[in-house]
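Taken together, the values in this text are just the output of simple stated rules run on the coordinates, not laboratory data. Because the structure is predicted, anything quoted here is derived from the model rather than measured. Cβ atoms come from the backbone with ideal geometry, glycine included; neighbour counts cover every protein chain shown.
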């Protein structure tokens, strides 16, 4: 879902931004901001993942990413090119911060699930799924945009991330109770 969230807006955001009076270069900056913010946030997340734990980073990152997507879905209600541009930029940074926490946590958790001999394979598989999400994100975003308009791709992505976060919390609690009772 981090990969999907990263690329979801690419087929339709530029035209929506142009209709709000945002320039093509500003639109490109908004789309590229996720990558810039990821470069800034990922080392920070990597540094503190051991103190807070990979599971917590995954959950917090997914929540940031999910809420950011939900909020981004309501940007079409913002009037004026300047507020639309700055709101887009700010929310994109929040989403990227969530992605920056989720991705290294997912790799760490994938490596913990297998024998040391197979950790590289597990990390490669997690990276492959991130790449698949990035590849299919524009198609999914375009499809959802055609089905329901600007808000639909972001609401679906945001709610899916929050739903998956909730499932992870429930599984985590169940996991703890299994270890305590056994």
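Observations on the model:
- P(r) tail, the chain: Cα-Cα pairs separated by more than 21 Å, 51% of all pairs.
- Using the Cβ-Cβ distance between residue 18 and residue 167 with R0 set to 35 Å, the FRET efficiency from 1/(1 + (r/R0)^6) comes to roughly 0.40.
- Of 144, 18, 164, the residue with the greatest mean-square motion in the GNM of the chain, using alpha carbon springs below 10 Å, is 18.
- Divided by 2.2 N^0.38 Å, where N counts the residues, the Cα radius of gyration of segment 1-41 comes to 1.21.
- Sorting 62-70, 36-44 by average packing, meaning the other beta carbons within 10 Å per residue, from highest down gives 62-70, 36-44.
- Compared with the dominant Cα axis of the chain, that is its longest principal axis, helix 54-72 is turned about 20°.
- Mean Cα-pair separation over length for segment 2-181, i.e. relative contact order, pairs under 8 Å, 6 or more apart, %: 37
- CD proxy at 222 nm, helix term only [per DSSP H run n ≥ 4: -39500 (n - 2.57); per residue of the chain; nearest 500]: -29500 deg cm²/dmol
- Helix 119-148 axis versus longest C-alpha principal axis of the chain: approximately 30°, rounded to the nearest ten.
- Nearest 10 degrees, 0 to 90: helix 81-112 Cα axis against the chain principal axis: 20
- Volume of the Cα convex hull of segment 79-144, divided per residue and given in Å³: 93
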